Structure formats: structure tokens, C-alpha cells
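To start, the structure itself, in C-alpha cells.
The values are calculated or read from the model by the stated rules, or taken from the named source; none is laboratory data. Owing to the predicted nature of the structure, the values given are computational and were not obtained by experimental measurement. No Cβ is skipped: glycine too gets one built from the backbone with ideal geometry, and neighbour counts run over all protein chains shown.
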């Protein structure tokens, strides 16, 4: 059977352009014992993928090699199987890539419970939810009553961070790039305050929303929110550095804040990425499932249609054009 | 009996100037029960004292109030006593201040073993040694074989950090402001490499001295060493932020590095100050004493003479003019 896949054939300079990719038509192979055939239904688009396209051998996971199918996580259904652990009809999640079909031996795949919709899986239980939980809870070590600021709060990670923060008794202030996103954060997700970072009086608004200072800052963006929030950190504050999306599309990353405040306030600024913690995925998934089933994690999915929509669509993440977790439905 | 003391009467703007201080002549009071009279013999001058002069209510300890005797740590001898725990002839260490004599009830004072010279106490067992140990060992959590870069390596803290690093099996690279200091670090203290940070090819020299990258950076200075070393950090590297002396005498602190590398390398950048950890002083002192008695902690003292020499002398710390731990001998 013929199917389409998209290979990475060039590395990005500053932005992701269509010429980086080649759409190819492939033939599904004959399965050998232990293998099964996956039909992907939902393909996740995440900011980290830009890093995976870049030839940075020092990064936390190796880059996608040129000529390889582009890496991405997604949800797929088993449609043919010569593996007794994976039956036709089973749903799995894993790094399936930009492809309609894939052959697997099960390595690196996680079986999904049948009762959770695929969109909820990608929004809550997949990389964004795992990253949000690990960063906020294990790196940040929040205490009920503390004040959390999260940048990129309407993003796939940020929206989960804020909601987990609320579930854990924090005062949660988020920043986002449109008034519509801010209303969604306050009205639907229960943020105490959401601030449009493009406001002229951003510093004043952040100060007004954090009268007792800031104990935890969950960093997804860099930019002005970083500098303002850094200056409002309380003694022994923790800064969790998860993303710097403002600097992913530039060759002149903006300077960070001077470190004097790190001493004055005895801050801890800590970077982390989920791939260092794959062994914790089952345990964290259980925690996320519990929040979700208690109605504490809401989401919205921004759905694109068809494999090739990924090529242009991924840039929505860097322009802030997406409303909710970006995904391609196949 | 009459004695001299120096009060803080004005707060510094950018630099410490003589008009900030007033030299006063006081009379030793009659002791009441529980009190004793101290004659200070050695007065420590430390970079942190500039912060104590500044009215920053958000800092880690309250500022010195205007009209109060300037705060400093020092060593004194008990010369009169109405306290059964402190006998005439006992030596103590504590925050005695810029004064020749002081009355105490013992609070906050630490008794000193008689066999250790006063200079060694101030250089090894006092704040610089405690700070060096706490920062490197507890915050940095070094593993034998790792590479440590320490800035301000010829300073009172930096020289202890590097030597503790060597005692713990690290490769130790230090930066300092003169070739003479660099020779001292390599020839006397056993640093693997010391680099003059004023060199034209600083980045190249740091790279050559750290072929396997940098696992631990102990920050005492800020400035160019910070940016270069930050860019050479290995995955899971730890940065201990103890001092930013390059920025203490300016109202335009220079920007820090962009935080992208904090994610890429999953770095931890952590600020600390010893006053958060006073309860650990006895335990850390024991460790320092053990290193010292094993001959692993060498020092040199830069001695000024007479109480009033502190007023101009403290600036040597900010010009880099001191050679070794700065102190006033009374």
C-alpha cells in the first residue's frame, strides 16, 4: 500500500521554510515477525522540533539526519500485526514522525487507554503535559500559597503549567500574545490573571498582578517578560527554564538579565528537558491522568488537516498564530 | 578607657569614599554581669561589606543603619570578663565591626582554638573559607574528575574554592587580574591553569585550558569570564553564583548571557550567600580545619595597619589591588 511521508532534506537557518522538506511516496513493507503496521491519526507539532532540525550535536538529543523522515510525536492505530503484544485496533503514542504509516517493533511506544480522546492525549498526556508537570513540580518544587508566573501561558506547555499550579494551590499569573488568549486563560482555565505581553505597560501589569513578588517563574519565551519577572523574584525563588521561543528564530539571541539578583535573592535558575527523564513518564502520566479525570486540566486543540499541512503549519508556533495545542489530523 | 571606632554616616553611590565614614572616640563602658570586653586584633575586609552599606532592604541581611559602627567580621581577645563562659585571654571570631574594642554577651561569637594563627583563621576558617566550601561542595556537588572554572581565583573566596577543588580531585582553572596572581595560583596553590582575564585572547585561553568543557563554574566576578565560561558548560553543568564584583561599582550592570544554553545543557545556575547557612558553620569549620591541617589550604594575607586604614583600604578589593585576603591588623 502506498503512503506519504515527509523527509528533512535541508537544515533551517533562521526560519522553517518549505524547501527544508521533501514529500515522498513510499510502499508499506511486508511485516516480519515481531513487527506491526501503524496508521497515524494525530501528529503533534511542538516548538522543540525546530531544535531537532538543527545540526547541534551538543543538544539534548541528536538532530534528525538529512534524508530521514522528520521526527515528531503522534498517535497511531495498529492496522496489521505480527507482534503478540500489539493487536489490530490498539492505539499507541510515540515518536512516529511525519508519515501516514510506520512499521514498528514496539520500542519506544506507549499503549493508550481506549477511553481518552486522541486530542486529550496529545494536549494533556503527551510531551507538553509531561514537560509541564516535571518542570513545575519536580524542578520548581512549589508550595501552596506561592506565586507562579508562566510565560507563553496559552501554549501547549504553559497552559498545563498554569492549571497544575492552580490545582496545587498557587496564585497563577500568565502572559500570552493576544487578548483573546488572555481571556481564555482567565475565563476557561482559571488563571488568576493573564497579561498580554505586547501591552505598553507590561511591567506595571506584572507588578500589579504579583503584589507579593514572584516565587516561581516558568520560562517558555524569553523576551521582556523574562527581564521584568526576574526583577520581581522573591528570596529563594526558582526559575524553571523550559523554552525560549522568542529566541528560536533569531541569530542574535537577546541578552539575559545580570546575575546580581541571583545572589541577592539566592535564586535557582534551572534548565531541563523531558528527554532526560523518559524513565519517569509512566509515573508522571498517572499524575496527569488523575488531574484530567478530576476535570482540572482543560485544553484546546488547533487542528490542521493532512500530512502536508505540517510544513507551513509548524510556523504558527513561532508567530503565536495557533490557538491551543497544534496538531495535524490525518 | 578610650578607643576608636568608625561609624557609617552616608550610603555609597557607586564607590566607597571617605566621607561615608566618621571616626569617633568612645569610652569603654562598665561591664555588667554576663558581659565581657573584647580587644579586636584582626579585622576582615570583604567585598560583601559594600552591600551591607547600601540601603537595599531586599538583600539577604539588613543594611548597616546610618550612625552605627560599620559591620565587619574579625578576631578579638577577651581582655576583661564578667561572663563565666569567656575568660580573659580567650580568642573569638564574629561580627565585631570597625572598632578597636567592643562589649559582648557572647551572642554570635565563635571561640577559636588557640593553636591556629589569627591570619589563618581569617583566610581559611572565616567567611571566605566557609563560603568557598558551602558553594563548591553543597551547591555545586562536584564529582572527582570534573572540570571547575573559578573567577576571581586569587581572591579570598576564589583561592579557597580552587584549593578545595584540587583536594576533591577536580581539574581547576582560575582567572585573575594580574600575571603575578596567576603565577601564585599555579605555583603555590596548585591550580592546573590560571589565566589573566585581561588577556586579549581570553576566550582562546579558557578553551585551551578546558578541552573537555566545564562542569562547574564558581562565579565571583561577572564580566567576560562569565560569558565565555557559560558558553563552554557541559550538559548538567552547575554554576554557583557567589559574587559579581565587576558589577558592584557600577550603576549599569552588564547583561548576562542569553538563557538558551540553560535549556540546551540543562544547567543549574544557583545563587547563595553564607548568612542563609549559619547553622552549618560548626560542621563546615571542621571540614576546613581538616583540609588546613593536611596542608591543603594555603593562603596569603594582605595586611593593613590601624583601624583607619580600612576606610581607603577596602577599595583595594574593587580595584583588584590586594594580594591575598585583605585585613586590618590592630
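Values for this structure:
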item: Filter result for residue A:34 (in contact (Cβ under 8 Å) with a residue 40 or more places away in the chain and on the phi > 0 side of the Ramachandran plot); result: yes
item: Residue within region B:17-37 that is under 26 Å from residue B:154 (Cα atoms) and under 20 Å from the mean Cα position of the chain (by Cα) present; result: no
item: Filter pass, residue A:308 being more than 14 Å from every other protein chain (Cβ to nearest Cβ), more than 23 Å from residue A:121 (Cα to Cα) and at pLDDT 95 or above; result: no
item: Top-ranked residue in region B:235-279 [being in contact (Cβ under 8 Å) with a residue 40 or more places away in the chain and over 14 Å from residue B:136 (Cβ atoms); ranked as farthest from the chain's Cα centre (by Cα)]; result: B:251
item: Candidates A:321, A:306, A:313, filtered to the one that is at positive phi and assigned by TED's automatic domain parsing to the domain that holds residue A:94; result: A:306
item: Which numbered condition residue A:295 misses (of (1) within 18 Å of residue A:139 (Cα to Cα); (2) not in a helix (DSSP H, G or I)); result: (1)
item: Count of region B:268-284 residues which are more than 7 Å from every other protein chain (Cβ to nearest Cβ) and surrounded by fewer than 21 Cβ atoms within 10 Å (Cβ to Cβ); result: 9
item: Flag if residue B:59 is over 14 Å from the mean Cα position of the chain (by Cα) and modelled with pLDDT of 95 or more; result: no
item: Single unsatisfied condition, residue A:191 versus (1) within 14 Å of chain B (Cβ to nearest Cβ); (2) buried (at least 21 other Cβ atoms within 10 Å of the Cβ); result: (1)
item: Residue within region B:76-90 that is farther than 26 Å from residue B:24 by Cβ, out of contact with any strand residue (DSSP E or B) (no Cβ under 6 Å at 6 or more places or on another chain) and touching a residue at least 60 places away in the same chain (Cβ under 8 Å) present; result: no
item: Of all residues in region B:301-327 being part of a strand (DSSP E or B) and surrounded by fewer than 19 Cβ atoms within 10 Å (Cβ to Cβ), the one that is farthest from the chain's Cα centre (by Cα); result: B:305
item: Selection within region A:222-267 - crowded, with 18+ Cβ neighbours inside 10 Å, within 10 Å of another protein chain (Cβ to nearest Cβ) and part of a loop (DSSP other than H, G, I, E, B); result: A:222, A:242, A:243, A:244, A:248, A:257, A:258, A:259, A:265, A:266, A:267
item: Among residues of region A:11-26, those that are part of a loop (DSSP other than H, G, I, E, B) and loosely packed, with under 13 Cβ neighbours inside 10 Å, counted; result: 2
item: Given (1) buried (at least 21 other Cβ atoms within 10 Å of the Cβ); (2) more than 12 Å from every other protein chain (Cβ to nearest Cβ); (3) at pLDDT 95 or above, index of the condition residue B:156 fails; result: (3)
